[in-house]
1. From the residues His182, Gly309, Leu259, which one has its Cα farthest along the dipole of the chain in the positive direction, the dipole being from +1 and -1 charges on Cβ of Lys/Arg and Asp/Glu about the Cα centre?
2. Over all directions, what mean area does the Cα convex hull of the range 101-207 project, stated in square nanometres?
3. What's the longest piece of the chain with no exposed GluC sites (Glu not before Pro), counting a site as exposed if DSSP puts it in a loop and it has at most 15 other beta carbons within 10 Å?
4. Treating the beta-carbon of each Lys and Arg as +1 and of each Asp and Glu as -1, no other charges, what is the dipole magnitude of the chain about its Cα centre, to the nearest 20 debye?
5. What is the antiparallel percent of DSSP beta bridges lying wholly in the chain, to the nearest 5?
6. Hey, what did the range 161-314 get for relative contact order, percent, Cα under 8 Å, at least 6 apart?
7. The range 88-150 to the range 49-64: how many Å between their Cα centroids?
8. Contact order normalised by length for the chain, with contacts defined as Cα pairs under 8 Å and 6 or more residues apart; what percent is it?
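Bear in mind that the values in this text are calculations on the coordinates, not laboratory data. Please read all numbers here as calculations on a predicted model, not as lab measurements. Here the Cβ positions follow ideal geometry from the backbone for every residue, glycine too, while neighbour counts run over all protein chains shown.
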Amino acid sequence: MKGVLLVNLGSPDSPEPKDVKKYLGEFLMDERVIDVPLWARTLLVKGIILNTRPKASAAAYKKIWWDEGSPLIVLSERLQDKIQKQVDLPVALAMRYGSMTIKKGLQELVDKGVDEVFLMPLYPQFAMATTETILVLAEAIRKAHFPQLKIQDLKAFYNNTNYIEVLSNSIARHLEGKDYEHLLFSYHGVPERHIRKSDITKSHCKIDGSCCATPSPAHESCYRHQCLEVTRLVGEKLNLKEGTFSTSFQSRLGFDPWLQPYTDRTIERLGKEGLKKMAIVTPAFVSDCLETLEEIAMEGEEIFHEMGGQDFTTVPCLNDDKAFVDLLSKWINEWATSTSIES
């Protein structure tokens, strides 16, 4: 019997500092998130970050927390529920971090008689700190607890024709009637070294402005290329004029070089240059969360206004958008019958 496991990032159980600290500890101790030797990661995370950051992060979570709970969890559950109504296979939901573990999700499917799982990381682009860490952990759990399971994963769908259409239509719908001068595509940032580590050719990724536009097998696992490609494809789909849209990267941590340009500095620059009306979309996320609802919609808008900007429009993530539900359900049904995903 076949089944589906949707996997998103995760969330603290509550916006209280103790729960946020527990969540951050699991998240930041992941060797694919902070990819330094264990002793250094332990010193940084447990010796510094977890003694300083949880209180501030908890305050940020409290700003965006819903009565039903964490927005990311609630929206993911809505997505799961709507997909379940469109497919005949059991659909479970798990998170990479937090109490809704991948093990629990697989156990739920096994208890229903599932022996083949379609693992769907809810990330359009591949990155070692997102998709890869889900796949590695899922395989480790399978070997240790569910050796009878067969698992096939959904590949990065950043350039899937149907996905680009769904994303583009969502952006167009939410910006309809809006008077904006610039559309910023903001993606979650990663350290530059992650890009080089993920380069399967071990030589292509230079992060020099040209490598991402030069065809290469490295693009299969290059987060930067895949982000830039989403921007390019959506720009083409929406007939955006050159100079009226751009790409940036948010949520950097620490002092190492991260992908640039940085979102906060880009918003600041656009405001200083006299831009009065801008819109921003966050296509690295499929569900609205702390990084979109607080970092962008609140902090980003505040920066823009401080720099003289006036109208700051945020485009919601796809969340449980009907077209997105239809697309994921279509992929599931294709997998169930042919184990292939059409582009």
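1. The one lying farthest along the dipole's positive direction is Leu259.
2. Averaged projected hull area, Cα only: 10.1 nm².
3. Numbers: sites that count: Glu31, Glu68, Glu176, Glu181, Glu242, Glu273, Glu342.
The reported range is 69-175.
4. Dipole about the Cα centre, nearest 20: 780 debye.
5. 5 percent
6. Answer for the range 161-314 is 32 percent.
7. Each part reduced to its Cα centre gives a spacing of 28 Å.
8. Reported as a whole number, the value is 21 percent.
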